[in-house]
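Following: one structure in structure tokens, then a few remarks.
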Amino acid sequence: MNILFFGPNGSGKGTQGAILKDKYKTPHIESGAIFRENISKGTELGAKAKAYIDRGDLVPDDITIPMILDRLKQADCKNGWLLDGFPRNKNQAIKLDEALKAAGLGLDIVIEIILDREIAKNRIMGRRLCVKDNNHPNNIFIDAIMPKDGKCRVCGSELKTRADDQDETAINKRHDIYYNTIDGTLASAYYFKELAASGKGIRYITLDGKPGVKEVAAELMSKL
Ligand code: AMP
């Protein structure tokens, strides 16, 4: 099962992605998480990406596209993958489409979480990351995933914030990119929506991101 997952930063994409990953037993490939891992390990890729990420800009396509296409060629992706955070602009969508075609692969499902920009922004600012597991959702503004006594509600580990989650200018920049329907992230989602509409065997599923995590998960399950 090859799945693409779209949603603005703050729409609960990571949380729902963890559910999908368990359901389909596919690797959950998050472009942002790959960059953060490289930054924390001090790799050359991390050094190149850091300044862009701190500003809320996209890391240039000549770094990002090969990084993701190489990741999809790894052994654990043989039976499918869940791609989250990529493509982020129309060029990435076209390059992904071309690479899949060249490899004789196709997309099965494209999911788009729809959420107002203002709500998404508040959710980002409340997000807390578990230091042990990136897939443990915690948010100080969402009751269903409120941390317990300031620690991860799943495993009790320490929580941290992402620097780019607390910087309003960076958040606005990230949302400018996401909500851009000309050549930004929504343009790349709509690129696949058109392919789905033209009968290429792709299912395009939309989810309302406004309700809580459980409700969104239920809508997701009912539509899969
Ligand atoms: P995320 O964790 O998805 O919010 O990503 C964090 C940051 O990583 C983004 O704000 C970008 O700077 C960078 N990034 C993640 N995915 C991409 C992508 N597909 N293209 C370019 N930059 C990306």
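The values are calculated or read from the model by the stated rules, or taken from the named source; none is laboratory data. These figures come from a predicted structure and were not determined experimentally. Please note: Cβ atoms are built from the backbone with ideal geometry, for glycine as well, and neighbour counts cover all protein chains shown. We work out accessible area using only protein heavy atoms, side chains counted, and drop any ligands, DNA or RNA first. Shrake-Rupley method; radii C 1.70, N 1.55, O 1.52, S 1.80 Å.
Figures for the structure shown
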| read-out | value |
| --- | --- |
| Which numbered condition G126 misses (of (1) open to solvent by less than 80 Å² (accessible area, probe 1.4 Å); (2) touching a residue at least 24 places away in the same chain (Cβ under 8 Å)) | (2) |
| Conditions (1) in a strand (DSSP E or B); (2) surrounded by fewer than 20 Cβ atoms within 10 Å (Cβ to Cβ): number failed by V110 | (2) |
| Of residues in the range 51-76 being within 16 Å of L105 (Cα to Cα) and either near the ligand (Cβ under 8 Å from one of its atoms) or part of a helix (DSSP H, G or I) (or both), the one least open to solvent (accessible area, probe 1.4 Å) | I68 |
| Odd one out for N134, checked against (1) of a type outside the set (V, I, T); (2) within 15 Å of the ligand (Cβ to nearest atom); (3) touching a Lys or Arg at 6+ places or on another chain (Cβ under 8 Å) | (3) |
| Contacts under 8 angstrom Cβ, first residue in the range 175-192 being over 15 Å from D97 (Cα atoms), partner aromatic (F, W, Y) and open to solvent by less than 10 Å² (accessible area, probe 1.4 Å), 6 or more apart | L186/F6 |
| Matching residues in the range 77-98 - criterion: being closer than 16 Å to G32 by Cα, within 11 Å of the ligand (Cβ to nearest atom) and open to solvent by less than 20 Å² (accessible area, probe 1.4 Å) | L83, D84, G85, F86, P87, Q92 |
| Checklist (1) at pLDDT 90 or above; (2) under 23 Å from H28 (Cα atoms); (3) surrounded by fewer than 15 Cβ atoms within 10 Å (Cβ to Cβ) applied to A163, failing item | (1) |
| Residue check, S40 near the ligand (Cβ under 8 Å from one of its atoms) and either open to solvent by 30 Å² or more (accessible area, probe 1.4 Å) or not β-branched (V, I, T) (or both) | no |
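For (1) within 19 Å of the chain's Cα centre (by Cα); (2) β-branched (V, I, T); (3) part of a loop (DSSP other than H, G, I, E, B); (4) closer than 30 Å to K95 by Cβ, each residue gets a yes or a no:
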{"position": "N138", "(1), (2), (3), (4)": "yes, no, no, no"}
{"position": "A144", "(1), (2), (3), (4)": "no, no, no, no"}
{"position": "L186", "(1), (2), (3), (4)": "yes, no, no, yes"}
{"position": "K210", "(1), (2), (3), (4)": "yes, no, yes, no"}
